[in-house]
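The values are calculated or read from the model by the stated rules, or taken from the named source; none is laboratory data. Nothing here was measured: the structure is a model prediction, and the numbers come from that model. For neighbour counting, all protein chains shown are included, and Cβ atoms are generated from backbone atoms with ideal geometry for every residue, glycine included. Each accessible area value is taken on the protein alone, full model and side chains, heavy atoms only, with ligands, DNA and RNA left out. Shrake-Rupley method; radii C 1.70, N 1.55, O 1.52, S 1.80 Å.
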Amino acid sequence: MTRIGIALAAALLLAGCGAPEPGPRAAADGPRGRQCFNVRSATDFSAAGRDAINVRVGGNRYYRLEILGTCPDVDFNFRVGIRSRSGSSWICSATDAEVIARNAFGQLDRCPVVAMRQLGEREVEALRRRPRDR
């Protein structure tokens, strides 16, 4: 895993514009019990192959975002962005998010997220034990 660079910061700033934000309880539980996170809380990421990324939110929560098809070069990127598509900066479901990654030609690819879930304790522990490759 590595620190998220300028691309994520720009995406997070853009996501901050929009609808009023839900209160603190919604951040943890979300509507109808869903797990939500604020894109501004994303602090780190790691590729989980060509079609998914693991996102660290705050200090100890991780989410896996699965991408439609493959997002070119997401597994080689040092920086990615996460943009909320919901009009607020909260992501509570896959349809709320898209991953933004720079391709080999220097252009930004926008990759729709098709599945999202919070990682369990064992999965998080395995991520922490994995050697850093960036």
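Could you tell me whether any residue of the range 1-19 is under 20 Å from residue 114 (Cα atoms), of a type outside the set (D, E, K, R) and at pLDDT 50 or above?
For the range 1-19, residues under 20 Å from residue 114 (Cα atoms), of a type outside the set (D, E, K, R) and at pLDDT 50 or above: absent.
Of all residues in the range 60-105, how many are under 17 Å from residue 37 (Cα atoms), open to solvent by 50 Å² or more (accessible area, probe 1.4 Å), outside any strand (DSSP E or B) and not polar (S, T, N, Q)?
1
Which members of the range 113-133 meet the condition of being hydrophobic (A, V, I, L, M, F, W, C) and without any contact (Cβ under 8 Å) to a residue 40 or more places away in the chain?
From the range 113-133, those hydrophobic (A, V, I, L, M, F, W, C) are 113-116, 119, 124, 126-127; that's our starting set.
The one that is hydrophobic (A, V, I, L, M, F, W, C) and without any contact (Cβ under 8 Å) to a residue 40 or more places away in the chain: 126.
Scan the range 33-59 for residues that are open to solvent by 20 Å² or more (accessible area, probe 1.4 Å) and in a loop (DSSP other than H, G, I, E, B) and jot them down.
34, 35, 48, 49, 50, 51, 58, 59
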